[in-house]
Amino acid sequence: MRMVNSMHSTLKIYTVIFVLFIWRQISLLVIEHLFKETEAAFNEIMFSYALFYFSTIIFSLFISFFSEKLGRKRIMYLWTIIALVTSIIPMAFTNKINGMFYSFFSGLSFGLGLPICLSLFANYTDVENRGRNGAFIFFSISLFFIFLALLNNLFNRVTLSFLSIVLLLLNFLALKSWKLDEFSKKEIYFTSITINKAFMLYFVSWSIFCLIDALEAPLLQYFLDTTFEVNFRNLILSLATLFTSFSILLGGFLADFYGRRNLLISGFVTLGIAYAIVGVASISPISWYVYSVVDGISTGFFVVIFVFVVWGDMAPRNLREKYYAIGTAPFFFINFIKELFIPYLEMIPVSTSFSLASFFLFLAVIPLLYAPETLPEKLIRRRELRKYVEKAKKIREKYEKEKD
């Protein structure tokens, strides 16, 4: 009976996280459609993105502060209801003011749901399988992202909003009759997290990656557009996306077997080398093939570990909301910086930009060298010993067969 209940809880957790991240992606697509239909100016677009990203950060921190008083289930219902009401806005109105309302409330609802859903994920997973579970969830999410990207041109704001309503109703079904764990009586303060040495070491490396990825991604696309044919650009971006999707699964398994820290160090070093290669040989198609593969694999590793795993490893059980709220904040803040950066792409020398990216990625390794491994050492040693015993057993069996 306990196993059945555990499976039901796991399925519900997968559902609510899947719906949460798909809701965010649909919201961004709807915002883009509203920009086009209302012919929004650059300053209006930036203001809308600011509303979306900063409301996500602010309300994620806000709800993690009051989550013990409000309770998880209330918060889960709250963000779902706000998202449902928000989804109606683009179905009925298309003016710029309503577009800004939509940007604000979609970011607000996502911010309310993010720390709670990720905290639930960490609470219902063990440290030795958190990577694999996070990888499975995000792999399914990334596949749906690809589906949305392929069909975005066929969908309009009304269709996308209707799809989000269907998914949000699915969220209600997952919440029904689901008894969530109570909060621990112990309280965690934001200050205790920000002075936590281990947390800050991982946080700095994650922030550097978010900054490099956000600033370099549009520059890379611009350079490929102006230097190569459109087909080549599409091929490189498709390769990177493909390798990201499948490296998510690989990264989850490797993080559970070999540890989070070593995998992150390897990812930063190889990605730094890839940037150095395209910085030196930016005209060579081969260098771009190498970059697309390495970037895709490294990004998959980083997303699983930094979004799902490492903050849950550090935080006490039933007190993880604040860790996830702070830990995911750099991604949303720097994504807004990315939107501001796009109009100035032509002013930046490509080789200089790639070289700086390579330098900062190598710099991001330094905090990780001093960071502790969040996967318990005894688990790593136990798996290594089990692997050694199995290998010894095979050698013995082979020797006995040869002897006979």
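Where a number appears in this text, it was derived from the coordinates with a stated rule and is not lab data. All figures in this text were calculated on a predicted structure; none of them were measured in a lab. Note that we place each Cβ from the backbone using ideal geometry, even for glycine, and neighbour counts take in every protein chain shown.
Quick notes
- Estimated FRET transfer efficiency (residue 238, residue 348; beta-carbon r; R0 22 Å; 0.05): 0.35
- Region 196-254 and region 87-129 have Cα centres lying 23 Å from one another.
- Full-stretch length increase - residue 69, residue 253 - with 0.36 nm per residue and alpha-carbon distance subtracted: 62.6 nm
- The calculated 222 nm mean residue ellipticity attributable to helices in the chain amounts to -28500 deg cm²/dmol, summing -39500 (n - 2.57) over DSSP H runs of n ≥ 4 and dividing by all residues.
- Shape category assigned to the chain from the gyration tensor of Cα positions, a/c cut at 1.5: oblate
- With 32 Å as the limit on Cα-Cα distance, the pairs of 179/322; 96/179; 12/69 that go past it are 96/179.
- Among 241, 226, 352, the largest mean-square fluctuation in a Gaussian network model of the chain, built with springs joining Cα atoms closer than 10 Å, belongs to 226.
- Note, ³J(HN,Hα) from phi for region 244-250, Karplus 6.51, -1.76, 1.60, rounded to Hz, x at Gly and Pro: 4, 4, 7, 6, 4, 5, 4
- Model label points for residue 246 and residue 192, set 7 angstrom from Cα along the Cα-to-Cβ axis, are 4.5 nm apart.
- Mean Cβ count within 10 Å, highest first, over the residues of peptides 39-49, 24-34: 24-34, 39-49
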